[in-house]
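Okay, so here's the structure we're looking at.
The values are calculated or read from the model by the stated rules, or taken from the named source; none is laboratory data. A quick note: this is a predicted structure, and the numbers were derived from the prediction, not measured. With ideal geometry, Cβ positions are generated from the backbone for all residues, glycine too; neighbour counts draw on all protein chains shown.
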2 protein chains.
Amino acid sequence: MLAVIFLATILGIQAHPFDELHQHVDDHVEDYVEALRQWVAVESDSSDVTKRADLHRMMDMTAEKLKGLGGEVEMVDIGFQELPDGTTIPLPKVVTAQIGKDSTKHTICVYGHVDVQPAKKEDGWATDPYNLTDINGNLYGRGASDNKAPVLAWIHAVEAYQALNLDLPVNVKFVIEGMEETGSNGLDTMIVAKRDTFFSNVDYIIISDCGWLSRRPALTYGTRGNCYFFAEVEGPKQDLHSGVYGGTVIEPMTDLIGILDSLISPSGNILVPGIREAVAPFSDEEWRMYQDIEFDMEAFKSKIGIDQLMYNNKVDLLAHRWRHPTVSIHGIEGAFSASGSKTVIPAKVTGKFSIRQVPDMDPAMVKKQVTEYLHSVFAKRKSPNKLKVTMIIGAKPWLADTKHALYEAGKAAVKRVFQMEPDLIREGGTIPIARTFQDVTGKSIIMLPIGGFDDGLHSQNEKMSRYNYIEGTKLFISYLHEVAEIKK
Amino acid sequence: MLAVIFLATILGIQAHPFDELHQHVDDHVEDYVEALRQWVAVESDSSDVTKRADLHRMMDMTAEKLKGLGGEVEMVDIGFQELPDGTTIPLPKVVTAQIGKDSTKHTICVYGHVDVQPAKKEDGWATDPYNLTDINGNLYGRGASDNKAPVLAWIHAVEAYQALNLDLPVNVKFVIEGMEETGSNGLDTMIVAKRDTFFSNVDYIIISDCGWLSRRPALTYGTRGNCYFFAEVEGPKQDLHSGVYGGTVIEPMTDLIGILDSLISPSGNILVPGIREAVAPFSDEEWRMYQDIEFDMEAFKSKIGIDQLMYNNKVDLLAHRWRHPTVSIHGIEGAFSASGSKTVIPAKVTGKFSIRQVPDMDPAMVKKQVTEYLHSVFAKRKSPNKLKVTMIIGAKPWLADTKHALYEAGKAAVKRVFQMEPDLIREGGTIPIARTFQDVTGKSIIMLPIGGFDDGLHSQNEKMSRYNYIEGTKLFISYLHEVAEIKK
């Protein structure tokens with residue numbers, strides 16, 4: 001069979017070795033599951049510094065795996081992490097790899113991460129989160145879908161070409177980090193530092209750190225950004241007993257609740273002037289696109305356990321999930337938050353809320369709008385307390401052109417593997433690294449997810465289905481081919 | 001000298017052995033400080049079950065001390081405490097004592113407690129909280145003022161009469177508990193059970209578990225009650241990622257913030273209909289009383305570290321501290337409350353707030369008013385989330401008649417020891433046991449504080465001044481005499 005492929009190639013016949021590649025994948029399913037089992041077994045929780053040794057080990061294992069592809073692998077030192085107590089510990093190294101240096105080919109760069117969210121059995125997991133467990137074809141384990149299986153699927157896709165002695169259609173680079181779940185500490189700096197070296201010959205960046213919207217495969221072309229605010233109201237110099245002092249002071253909590261209540265209407269409208277006006281208009285074409293997307297409102301409701309969504313039709317709901325800003329009030333620091341009762345007047349309270357960013361909002365403008373608005377609302381209260389508003393995160397949204405050849409390649413790859421058109425979707429959440437890659441390298445980016453819509457990322461009982469893992473590997477194999485077809 | 005007293009007594013001459021009694025106190029100052037040192041050294045923190053052995057030891061030491069007075073001392077078993085995990089541990093026994101059984105005399109019952117609030121050096125104490133430290137005549141230590149020194153002062157007052165072989169003017173009973181700081185678990189039941197035995201011949205109950213308002217001694221004639229509410233708003237079945245789901249659901253936090261904001265105006269007015277209307281009118285006489293009270297607004301402001309109080313004049317401020325209801329919002333359970341940022345939509349959030357009760361409010365009515373009001377405000381939001389309002393504490397206010405002989409006796413005692421009139425004050429906080437004593441036993445109650453206005457109860461660097469401790473002991477000695485003068 002290989003001889004046939006070789007012959008077809010030298011004869012200039014359009015060769016399609018996909019059947020062989022897919023067969024190779026199908027023949028190695030248990031190897032792939034075993035590889036995922038080994039990776040999931042490492043508790044590479046980047047938020048827990050006591051697990052840092054595990055995280056370093058995870059980066060070493062990733063580097064080893066990439067070395068198996070025969071390329072140049074580097075473990076890039078990105079410095080230290082400062083802990084709240086002022087001490088520092090080393091950040092996990094970023095693993096970069098380069099397979100192939102043929103300047104006549106495109107070069108893609110696959111971004112992924114191998115750190116995970118925290119997980120404990122007692123959080124409500126049905127299985128040990130670090131012991132990959134197969135139940136009815138679903139592989140349960142922390143990090144299975146986010147993002148270990150997708151990273152492995154990319155490695156296996158390259159491996160498959162190599163195993164069959166097929167020429168890789170494109171040069172493949174990898175950037176695999178270990179701090180994604182806690183904000184990609186150190187990665188931005190590394191990307192800037194390597195802009196003119198590692199990234200200089202990269203044509204396209206591919207991120208598979210998201211999921212489908214339904215059982216239909218999807219290509220993701222946008223994410224929302226996020227402006228995260230702290231609104232601190234400070235009154236007395238220390239907490240007071242509400243019996244002894246209640247009625248003598250204007251309480252910071254009363255002020256904070258008052259200004260937080262001014263952010264959003266009961267039906268979910270943002271009340272900060274200027275925010276909604278900045279949002280890019282919803283075009284007829286977009287409306288039609290949304291109309292065609294496969295999305296089961298009932299399944300969505302049942303998944304999150306509510307009877308009534310904010311919007312009753314699919315288009316409005318998806319639009320407000322993906323391409324409209326939203327305000328979420330996350331909580332209050334400094335107030336009483338335990339179970340039981342405490343009769344305290346908290347002296348200093350900090351409300352935490354965020355506004356998801358969409359085109360054409362500008363975080364700097366949002367910061368100004370929110371700060372001025374809250375101060376004006378606060379001023380009307382004539383409170384003796386002090387208000388301080390700070391924006392601690394200002395992550396921009398990311399939006400790709402779905403007409404770009406990268407997306408055409410994605411559609412072709414999906415069609416080949418799944419015999420259907422992908423949905424073109426956005427993410428409501430923020431993947432800041434996409435925007436950083438775009439801003440720093442100027443390269444085009446595609447998000448090509450293989451995770452299922454119900455994988456439970458960041459939640460209990462995270463899983464990756466065998467179907468998505470294995471067919472996802474085939475999708476990446478096809479995608480490598482389709483990207484090679486893009487005209488230089 | 002004793003012979004003189006004896007002679008004067010049998011001759012029917014008005015004998016005043018106060019000089020001798022006071023001299024005895026002055027001669028034993030270091031003994032009293034040492035006794036307090038030994039009690040403060042016991043970490044009898046009733047909120048921390050790991051300190052339960054210390055708490056039991058504290059009750060034993062209290063019983064020993066009371067046995068030294070030669071009376072009948074009992075350690076009353078009040079059962080078990082159920083812990084959150086369902087297990088039970090024994091409650092500290094309540095120590096009762098009876099000194100004297102002369103039916104021709106009045107019988108008073110002194111209530112106090114020897115458990116303490118938590119304290120750790122690292123909370124910001126300048127000294128070890130369990131090593132009584134004398135700095136410029138202030139005795140720093142956890143529980144020094146609340147309530148160990150006052151309990152000891154009562155014991156020393158009785159001891160002084162005995163040491164001088166003076167007949168005790170009244171029979172004295174003690175009820176000393178070890179769970180006051182966590183809600184007097186088990187005490188109510190004990191009081192009810194002993195209503196017709198231990199309490200049947202008690203004429204007056206005296207509580208010294210509070211403090212003065214200024215450097216002027218005070219008699220306390222009222223406390224506010226407290227209705228503590230949980231307002232729970234429940235939406236999705238689990239916390240959601242605010243990026244992924246923001247814009248698709250009406251968030252429980254938005255609803256909760258909205259209804260909490262409806263409780264109170266920016267200037268501190270309670271907005272729940274019916275609450276303010278129920279408050280007993282402020283009489284001209286009361287106004288005059290308040291006008292005469294010694295209270296330094298500037299010192300109060302500087303103590304709590306604010307520039308502007310809710311009211312600018314003494315009468316309004318004290319009235320709103322003591323005899324008007326107030327709403328305090330303590331915090332929210334279930335939302336994000338840690339430092340840093342988290343992009344969560346909390347699924348179920350419980351707002352905690354309390355309304356201080358004053359005459360003529362009725363907790364059952366307040367419960368109805370608050371519940372109906374919040375549900376009506378919530379209904380207007382047309383939210384799909386569920387609201388549940390519960391009142392978990394409904395403690396009534398307590399108010400004594402300042403014209404009662406107990407208060408006249410208090411004024412006379414203060415005048416003898418301090419050569420000045422006491423202020424007649426209230427407490428903004430709640431001392432539920434006062435109301436329980438009143439309701440169950442039907443006896444008259446006085447609160448006779450000896451703590452300083454700046455003792456820092458429940459706070460860092462709690463202290464009792466030598467002055468208040470020693471002169472307070474003399475006050476109790478005088479008070480025993482004055483109560484004996486009350487006509488049967």
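Out of B:30, B:20, B:64, one residue alone is among the acidic types (Asp, Glu), surrounded by 15 or more Cβ atoms within 10 Å (Cβ to Cβ) and under 30 Å from residue B:169 (Cβ atoms). It is B:20. Of all the criteria given as (1) within 10 Å of chain A (Cβ to nearest Cβ); (2) in contact with a Pro (Cβ under 7 Å, 6 or more places away or on another chain), the one not satisfied by residue B:257 is (2). Does residue B:250 qualify as being within 30 Å of residue A:324 (Cβ to Cβ) and either surrounded by fewer than 21 Cβ atoms within 10 Å (Cβ to Cβ) or within 11 Å of chain A (Cβ to nearest Cβ) (or both)? The answer is yes for residue B:250.
Kindly evaluate residue A:408 against the criterion of being out of contact with any strand residue (DSSP E or B) (no Cβ under 6 Å at 6 or more places or on another chain), surrounded by fewer than 22 Cβ atoms within 10 Å (Cβ to Cβ) and either under 20 Å from residue A:277 (Cβ atoms) or not assigned by TED's automatic domain parsing to the domain that holds residue A:425 (or both). When the stated conditions are applied, residue A:408 does not pass them.
Quick check, is residue B:384 over 20 Å from the mean Cα position of the chain (by Cα), under 25 Å from residue A:334 (Cα atoms) and within 10 Å of chain A (Cβ to nearest Cβ)? First the steps, then the outcome.
On the way: over 20 Å from the mean Cα position of the chain (by Cα): yes; under 25 Å from residue A:334 (Cα atoms): no; within 10 Å of chain A (Cβ to nearest Cβ): yes.
When the stated conditions are applied, residue B:384 does not pass them.
All conditions but one from (1) more than 14 Å from every other protein chain (Cβ to nearest Cβ); (2) surrounded by 17 or more Cβ atoms within 10 Å (Cβ to Cβ); (3) closer than 29 Å to residue A:256 by Cβ apply to residue B:399; the one that does not is (3). Scanning region B:358-380 for residues that are in a helix (DSSP H, G or I), in contact (Cβ under 8 Å) with a residue 24 or more places away in the chain and surrounded by fewer than 17 Cβ atoms within 10 Å (Cβ to Cβ) gives B:364, B:365. Scan region A:428-480 for residues that are among the charged types (D, E, K, R), within 14 Å of chain B (Cβ to nearest Cβ) and closer than 30 Å to residue A:122 by Cα and the total you get is 3. Would a scan of region A:300-307 turn up a residue that is more than 25 Å from the chain's Cα centre (by Cα) and either over 30 Å from residue B:329 (Cα atoms) or in a loop (DSSP other than H, G, I, E, B) (or both)? Looking through region A:300-307, at least one residue is more than 25 Å from the chain's Cα centre (by Cα) and either over 30 Å from residue B:329 (Cα atoms) or in a loop (DSSP other than H, G, I, E, B) (or both). Taking residue B:327 and the conditions (1) over 17 Å from residue A:240 (Cα atoms); (2) in contact (Cβ under 8 Å) with a residue 60 or more places away in the chain, which numbered condition does it fall short on, given that it satisfies the others? Against the list (1) over 17 Å from residue A:240 (Cα atoms); (2) in contact (Cβ under 8 Å) with a residue 60 or more places away in the chain, residue B:327 comes up short only on (1).
The single condition from (1) modelled with pLDDT of 95 or more; (2) over 24 Å from the mean Cα position of the chain (by Cα); (3) more than 7 Å from chain A (Cβ to nearest Cβ) that residue B:340 fails is (1).
Condition check for residue B:118 on (1) in contact with an Asp or Glu (Cβ under 6 Å, 6 or more places away or on another chain); (2) surrounded by 24 or more Cβ atoms within 10 Å (Cβ to Cβ); (3) within 19 Å of residue B:458 (Cα to Cα): one failure, at (2).
Just to verify a result, which residue in region B:30-79, among those that are under 25 Å from residue B:102 (Cα atoms) and of a type in the set (Gly, Ala, Ser), is farthest from the chain's Cα centre (by Cα)? It would help to see each step written out before you state the result.
Step one: of region B:30-79, the residues under 25 Å from residue B:102 (Cα atoms) are B:62-76.
Then drop every residue that is not of a type in the set (Gly, Ala, Ser), which leaves B:63, B:68, B:70-71.
Values: B:63: 22, B:68: 27, B:70: 29, B:71: 27 Å.
Restricting to residues being under 25 Å from residue B:102 (Cα atoms) and of a type in the set (Gly, Ala, Ser), the top hit is B:70.
The sole residue among A:332, A:393, A:355 that is facing chain B (nearest Cβ under 8 Å) and crowded, with 19+ Cβ neighbours inside 10 Å is A:332. For region A:280-329, the set of residues classified as within 10 Å of chain B (Cβ to nearest Cβ) and in contact with a strand residue (DSSP E or B) (Cβ under 7 Å, 6 or more places away or on another chain) consists of A:304, A:322, A:323, A:325, A:326, A:327, A:328, A:329, listed by residue number. Sub-8 Å Cβ pairs linking a first residue in region A:47-62 that is in the same structural domain as residue A:143 (by TED's automatic domain parsing) to a second residue that is assigned to a helix (DSSP H, G or I) and buried (at least 19 other Cβ atoms within 10 Å of the Cβ), at least 6 apart or interchain, are A:47/A:181; A:58/A:39; A:61/A:39; A:62/A:151, ordered by first then second residue.
Are any residues in region A:306-334 acidic (Asp, Glu) and not assigned by TED's automatic domain parsing to the domain that holds residue A:257, and if so, which ones? Step through it out loud before you land on a result.
Kept after step one, since they are acidic (Asp, Glu), are these residues of region A:306-334: A:307, A:316, A:333.
Passing the criteria: A:307, A:316.
Determine if region A:179-198 includes at least one residue that is of a type in the set (S, T, N, Q) and without any contact (Cβ under 8 Å) to a residue 24 or more places away in the chain. Can you show your working first?
Here is the first cut: in region A:179-198, the residues of a type in the set (S, T, N, Q) are A:182, A:184-185, A:189, A:197.
If we keep only those that are without any contact (Cβ under 8 Å) to a residue 24 or more places away in the chain as well, we get A:197.
Taking every residue of region A:179-198 in turn, at least one turns out to be of a type in the set (S, T, N, Q) and without any contact (Cβ under 8 Å) to a residue 24 or more places away in the chain.
Inspection of region A:18-29 finds no residue satisfying the criterion of being more than 30 Å from residue A:417 (Cα to Cα) and either assigned to a helix (DSSP H, G or I) or within 20 Å of the chain's Cα centre (by Cα) (or both).
Looking at A:257, A:270, A:293, A:306, can you tell me which residue is closer than 21 Å to residue A:361 by Cβ and crowded, with 16+ Cβ neighbours inside 10 Å? Write out each step before concluding.
Working: A:257 fails: closer than 21 Å to residue A:361 by Cβ; A:293 fails: closer than 21 Å to residue A:361 by Cβ; A:306 fails: closer than 21 Å to residue A:361 by Cβ.
Sole residue among the options that is closer than 21 Å to residue A:361 by Cβ and crowded, with 16+ Cβ neighbours inside 10 Å: A:270.
Residues that are of a type in the set (A, V, I, L, M), surrounded by 22 or more Cβ atoms within 10 Å (Cβ to Cβ) and part of a helix (DSSP H, G or I) within region A:423-468 comprise A:433, A:434, listed in sequence order.
What are the residues in region A:203-219 that are assigned to a strand (DSSP E or B), away from chain B (no Cβ under 12 Å) and in contact with a Pro (Cβ under 8 Å, 6 or more places away or on another chain), if any? Don't jump to the end; show me each part of the working.
If we filter region A:203-219 for residues that are assigned to a strand (DSSP E or B), which is where we start, we get A:204-207, A:211, A:218-219.
Remaining after also requiring away from chain B (no Cβ under 12 Å): A:204-207, A:218-219.
Hits for region A:203-219 are A:218, A:219.
With a requirement of 1 or more residues that are without any contact (Cβ under 8 Å) to a residue 40 or more places away in the chain and assigned by TED's automatic domain parsing to the domain that holds residue B:467, the strands (runs of 3 or more DSSP E) lying completely within region B:81-172 that satisfy it span B:88-90, B:133-135. Taking region A:232-243 as the range and being touching a Lys or Arg at 6+ places or on another chain (Cβ under 8 Å) and either facing chain B (nearest Cβ under 7 Å) or not in a strand (DSSP E or B) (or both) as the test, the residues that pass are A:235, A:242, A:243.
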